[in-house]
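What follows is a single structure, written as structure tokens, with notes after it.
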Amino acid sequence: MNLSEKQIERYSRHIILPEVGGKGQEKLLAGRILIVGAGGLGSPSALYLAAAGVGTIGIIDGDLVDLSNLQRQIAHSNADLGKSKAISSAEAMQAINEDVNVRIYQERLTAENALTVINDYDFIIDGTDNFSSKFLISDACHFAGKAYSHAGILRFEGQTITVKPGETTCYRCIFGAPPPAGAAPSCSQAGVLGVLAGVIGTIQATEAIKYILGIGDLLTNRLLVYNALKMSFRLLEVRRNANCPLCGTNPSVTELIEGEQAVCDLNCDCTKTR
Amino acid sequence: MKLEINGLSIETPANTTVSQLLSIQKVKMPDMVSVEINESILDRKTFGTTILKEGDKVEFLYFMGGGK
Ligand SMILES: [Zn+2]
């Protein structure tokens, strides 16, 4: 692939970086990234990856844009209310950069479609808002051998880790299985500071870009925990777990299952005492 | 004995188990916590039987399901 004059100008701030250069920019243009969920985490990822010139970006989401989304889901605007989130975010990406081939999936990622969808991409970004999807992404990426960025946010806190299946600590190494239904609060019930999604989502996009470029150290074997109130970033070393139900020595998860969706008990307050 | 919990130093009675520590630390929903001791994740079935040692570095890792 040869960069055009316009591309050389558009990506000049990348190309001037010795770690990226023209070669790296070509890698990005040939790169394929899937974003699962066009919401709080997925929005900043989508916009920055489009701006960066990632050549193929898949966006999968079955929801429609709702007024309460606009507090943080910055790929969508007032004019998009009621529109498919996948389409709305695709339009936002396309408006930034016509170099990007956006592939739109107006559906939920399920145990049935996950492997087929994921297989077309180099790196997966988990921007979902429920444990069922997060575990599904972890398992599907494991079986497909695809690297992914996991993240979760709640109230004023967020956490993220990058996983290279079979090589580095995975989501199930840390959390095993979804928490019991009723124990888990969701953003709609517990609230979330909108900008938190931007901080964590852009870290996920950074990881995706580094992975495509093959530069730097990925956020592997380390869980990054961010607290916006304390403005603290803690990097926790987490080793692979031999008892991991997915990547351990005697795995119990051997096929894709759609876990029960954890439903929040409005009164739960599990992280208050942190 | 001295332990380090989520980066902070605290004092607990000797022979404290992980379950006791969760309750000492007023963690209301232990189901929502994964526990790491000295960088290794602990099997949650052993919270009640795992006895902490002086100087252990303990991390409570919370399930965080949000994203949209
Ligand atoms: Zn694992």
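Brief remarks on what is shown
- In summary, the lysines within cross-link reach of A:LYS230, defined as a Cα separation below 22 angstrom excluding same-chain residues under 8 places away, comprise A:LYS272, B:LYS26, B:LYS28, B:LYS57.
- Within the same chain, lysines fewer than 8 places from A:LYS23 are excluded, and of the rest, those with a Cα less than 26 Å from its Cα are A:LYS6, A:LYS146, A:LYS164, A:LYS210.
- Per residue, the Cα convex hull of the protein assembly as shown amounts to 130 Å³.
- Within chain A, the whole DSSP H helices whose Cα atoms reach 18 Å or more along their own axis and whose mean Kyte-Doolittle score is at least -0.5 are A:131-144, A:194-213.
- For the protein assembly as shown, the per residue solvent-accessible surface stands at 43 Å², with DNA, RNA and ligands left out and a 1.4 Å probe.
- Placed amide H near A:VAL192: partners under 5 Å, 5+ positions off or other chain: A:ARG155
- A cut-off under 14 angstrom between Cβ atoms defines the neighbours of A:ASN113, and their net charge, with Lys, Arg +1 and Asp, Glu -1, is -4.
- In the protein assembly as shown, the portion of solvent-accessible area held by carbon and sulfur atoms comes to 52 percent [1.4 Å probe, whole percent, DNA, RNA and ligands not counted].
- Under the shape rule built on the C-alpha gyration tensor, where the axes satisfy a ≥ b ≥ c, region B:2-62 is rounded, since a/c falls short of 1.5.
- Residues whose amide H comes within less than 5 Å of that of A:ARG222, counting only those at least five positions distant or on another chain, are A:THR162, A:VAL238 (H built at 1.01 Å from N in the peptide plane).
- Other residues whose C-beta falls under 12 angstrom from the C-beta of A:LEU219 contribute a net charge of 0, scoring Lys and Arg +1 and Asp and Glu -1.
- Cβ-Cβ FRET estimate between A:GLU9 and A:ALA95, R0 fixed at 25 Å, reported to 0.05: 0.85
- Cβ-defined net charge surrounding A:THR254, 14 Å radius [Lys, Arg +1; Asp, Glu -1]: -1
- The chymotrypsin sites (Phe, Trp or Tyr not before Pro) found in region A:111-151 include none that occupy coil by DSSP while having at most 10 further C-beta atoms within 10 Å.
- Spatial extent of region A:126-190: Rg and Dmax, with the Cα atoms as the point set, Å: 12.0, 36
- With R₀ fixed at 30 Å, the C-beta to C-beta distance from A:SER68 to A:LEU115 puts the FRET efficiency at about 0.40.
- Residue-level accessible surface for A:MET231, protein heavy atoms, 1.4 Å, Å²: 120
- Gyration tensor verdict on region A:69-211 (Cα atoms; rounded if a/c is under 1.5, prolate if a/b is larger than b/c, oblate otherwise): oblate
- In percent, rounded to a whole number, the relative contact order of region B:2-62 is 50, using alpha-carbon pairs under 8 Å and six or more apart.
- With θ taken as phi - 60° and the Karplus curve 6.51 cos²θ - 1.76 cosθ + 1.60 applied, the whole-hertz 3J(HN,Hα) list for region B:4-10 is 10, 10, 6, x, 10, 7, 9 Hz, x standing for glycine and proline.
- Which of A:ARG234, A:ARG172 is most accessible, then next, and so on - probe 1.4 Å: A:ARG234, A:ARG172
- Interface size, chains B and A: roughly 3000 Å² of accessible area buried, both sides included, 1.4 Å probe, rounded to the nearest 100.
- Relative contact order of region A:41-150, defined on C-alpha pairs under 8 angstrom at six or more residues apart (%): 27
- Counted over the protein assembly as shown, the DSSP beta bridges are approximately 60% antiparallel.
The values are calculated or read from the model by the stated rules, or taken from the named source; none is laboratory data. As the structure is a computational prediction, the values presented were derived from the model and not from experiment. Cβ sites come from the backbone with ideal geometry, for glycine too, and all protein chains shown count toward neighbours. Accessible surface is based on the protein model in full, side chains and every heavy atom, while ligands, DNA and RNA are left aside. Shrake-Rupley method; radii C 1.70, N 1.55, O 1.52, S 1.80 Å.
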